[in-house]
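K.L.:
This is the structure I want to talk about, given as structure tokens.
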Amino acid sequence: MSFSATKAAVLTRHIREEARRLGFFKTGITPVRPLPWEDKFNSWLEQGRHGEMKYLAKQASRRRDPGLVLQNARSLVIVAANYFSPDPISDEPLGGRISRYAWGEDYHLLMGQRLMALQESILRADPGARTLSYVDTGPVMEKVWGAHSALGWMGKHTNLITREQGSWFFIGVVLLDVDLEFDQPEKDHCGTCSRCIPACPTGAIVAPYVVDARLCISYLTIELRGTIPRHLRPLIGNRIFGCDDCQEVCPWNRFAVKTPERRFGPRSLNLMPELSSLADITPEEFSQRYQNSPIRRAKRDGFVRNVMVALGNSGSPDALPGLVRGIHDQSPLVRAHAAWALRRIPGDAARIMLEQARATEADPCVMEELPG
């Protein structure tokens, strides 16, 4: 074995051992090269399936070539951290469902700390190396690279899956300008299973391995800043931040184990919160309640918009107090969705509230949602 190969083997072993010590249950390592599935990525963008996530197109050239992200990059290290909590979920219509990954503290902070520690360890082992890391924030296609290493494979729902623990995990990536020992890619173990496709409430998995973000509830409740298309609102149900349905039905998640990281565990306020208690949360209360939480990504108005939709989908007169507060909200976005929701509540009280709102409302977007 040559000196360079020996050096690569030693550093690779060090990285794997250090990653496990830091709490990553699996590590994949792959060489930097042009993006696998580049044609699929280009087609996805051309068809507009990224919706309003304009940064994906803006950063497309760097996403296609990690060498443009870190000059002379040679290796990609992709690591996985389990976030699964086994607490049961509920379809209680007046409770809000939040995606499991957002039950605990913000993974960007926790994963970022671990990756910084991993980078520091790499530099101690090889002071001449240059490194750069990201946690879902940089122009690196982590899932694609993970699927071209031994980390896992891309499921038909486009989430990475591992044989060891299923798909309930966060992904981090470290780019290095040194060679390492590279994995043989994991095989695709989905086989003929396609449970995730019909499980999607909005039909966002438009083909195996293809998700149209414009239909995905996670996109609609988190990334979309404006009005949720009317025809999709009833399909959102009581989901107010994200959606896990495609993962819940995946057979590989029978191997899921509880995360050892307590900070990824659920905060009590994130387990089926009462919708009415969130209907008039102020910006200050939102920031305080969701401090160091992924939920802040939706921003206050977008989050309360989601709450209005969920209240409307309950179809329950018990949703009226929250919707009354929503129809008087300072945000036109919230008022518009509250008006839509009130139309789904039976009885004279909702009808009267809509008539009163129409007499005083001036915003054209809200007026479109009010009965004529």
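K.L.:
Go through the stretch 261-279 and give me each residue that's in contact with a Phe, Trp or Tyr (Cβ under 8 Å, 6 or more places away or on another chain) and within 19 Å of residue 330 (Cβ to Cβ).
P.N.:
Taking the stretch 261-279 first, the residues in contact with a Phe, Trp or Tyr (Cβ under 8 Å, 6 or more places away or on another chain) are 261, 264-267, 270-271, 278.
Within the stretch 261-279, 278 is the sole residue that qualifies.
K.L.:
Then there is this: Search the stretch 70-96 for residues that are closer than 21 Å to residue 279 by Cβ and surrounded by 14 or more Cβ atoms within 10 Å (Cβ to Cβ) and pair each with any residue that is of a type in the set (Gly, Ala, Ser) and at pLDDT 95 or above when their beta-carbon atoms are under 6 Å apart and the residues are at least 6 apart or on different chains.
P.N.:
93/314; 94/314; 96/310
K.L.:
Kindly indicate whether residue 242 is crowded, with 16+ Cβ neighbours inside 10 Å, modelled with pLDDT of 95 or more and of a type in the set (Gly, Ala, Ser).
P.N.:
yes
K.L.:
From 298, 341, grab the single residue that is within 30 Å of residue 24 (Cβ to Cβ), in contact with a helix residue (DSSP H, G or I) (Cβ under 6 Å, 6 or more places away or on another chain) and crowded, with 18+ Cβ neighbours inside 10 Å.
P.N.:
Matching residue, one of 298, 341: 298.
K.L.:
Ok, one more. Of all helices (runs of 4 or more DSSP H) completely enclosed by the stretch 208-302, which ones contain at least 3 residues that are among the basic types (Lys, Arg) and more than 30 Å from residue 166 (Cβ to Cβ)?
P.N.:
Filter on the stretch 208-302 gives an empty set.
K.L.:
Output the number of residues of the stretch 165-192 satisfying the condition of being in contact (Cβ under 8 Å) with a residue 12 or more places away in the chain and exposed (fewer than 15 other Cβ atoms within 10 Å of the Cβ).
P.N.:
Residues flagged as in contact (Cβ under 8 Å) with a residue 12 or more places away in the chain and exposed (fewer than 15 other Cβ atoms within 10 Å of the Cβ) within the stretch 165-192 amount to 4.
K.L.:
May I ask you to list the residues in the stretch 215-232 that are under 19 Å from the mean Cα position of the chain (by Cα) and under 22 Å from residue 338 (Cβ atoms)? Before the answer, list the steps.
P.N.:
Residues of the stretch 215-232 that are under 19 Å from the mean Cα position of the chain (by Cα), as a first pass: 215-226, 228, 232.
Matches in the stretch 215-232: 217, 219, 220, 221, 222, 223, 224, 225, 226, 228, 232.
K.L.:
In the stretch 99-121, which residue that is in contact with a strand residue (DSSP E or B) (Cβ under 8 Å, 6 or more places away or on another chain) and of a type in the set (Ser, Thr, Tyr) is farthest from residue 169 (Cα to Cα)?
P.N.:
Applying the filter and picking the extreme gives 99.
K.L.:
Here's another thing I want to ask about it. Among the residues of the stretch 28-45, is any in contact (Cβ under 8 Å) with a residue 24 or more places away in the chain, over 30 Å from residue 123 (Cα atoms), part of a loop (DSSP other than H, G, I, E, B) and of a type outside the set (Phe, Trp, Tyr)?
P.N.:
Checked the stretch 28-45: no residue is in contact (Cβ under 8 Å) with a residue 24 or more places away in the chain, over 30 Å from residue 123 (Cα atoms), part of a loop (DSSP other than H, G, I, E, B) and of a type outside the set (Phe, Trp, Tyr).
K.L.:
Right, another one. So which residues in the stretch 150-161 are more than 17 Å from residue 243 (Cβ to Cβ), buried (at least 23 other Cβ atoms within 10 Å of the Cβ) and of a type outside the set (A, V, I, L, M)?
P.N.:
152
K.L.:
Quick one: which helices (runs of 4 or more DSSP H) lie wholly within the stretch 58-150 and hold at least 1 residues that are more than 22 Å from the chain's Cα centre (by Cα)?
P.N.:
Working: elements: 60-64, 107-125, 142-147.
Filter on the stretch 58-150 gives 60-64, 107-125.
K.L.:
Which one is modelled with the highest pLDDT, of the residues in the stretch 7-21 that are surrounded by fewer than 19 Cβ atoms within 10 Å (Cβ to Cβ) and closer than 16 Å to residue 128 by Cα?
P.N.:
Per the criteria, the residue is 14.
K.L.:
Being surrounded by 13 or more Cβ atoms within 10 Å (Cβ to Cβ) and small (Gly, Ala, Ser) is the filter here; which residues of the stretch 25-56 pass it?
P.N.:
Of everything in the stretch 25-56, those that are surrounded by 13 or more Cβ atoms within 10 Å (Cβ to Cβ) and small (Gly, Ala, Ser) turn out to be 28, 51.
K.L.:
What number goes with the only condition from (1) closer than 22 Å to residue 184 by Cβ; (2) touching a residue at least 12 places away in the same chain (Cβ under 8 Å) that residue 51 does not pass?
P.N.:
(1)
K.L.:
Considering only the stretch 182-211, how many residues are touching a Lys or Arg at 6+ places or on another chain (Cβ under 8 Å) and farther than 23 Å from residue 253 by Cβ?
P.N.:
0
K.L.:
Now for a different question. Run residue 158 past the list (1) within 13 Å of residue 78 (Cβ to Cβ); (2) among the β-branched types (Val, Ile, Thr); (3) in contact with a strand residue (DSSP E or B) (Cβ under 6 Å, 6 or more places away or on another chain) and report the number of the one that doesn't hold.
P.N.:
(1)
K.L.:
List every residue pair whose Cβ atoms sit under 8 Å apart, with the two residues 6 or more apart in sequence or on different chains, where the first one lies in the stretch 139-160 and is under 13 Å from residue 33 (Cβ atoms) and in contact (Cβ under 8 Å) with a residue 40 or more places away in the chain and the second, anywhere, is outside any loop (DSSP other than H, G, I, E, B) and of a type in the set (Gly, Ala, Ser).
P.N.:
145/28; 149/28
The values are calculated or read from the model by the stated rules, or taken from the named source; none is laboratory data. What you are looking at is a predicted structure, and each value in this text was computed from that prediction instead of being measured. Virtual Cβ from ideal backbone geometry, glycine too; neighbours counted across all protein chains shown.
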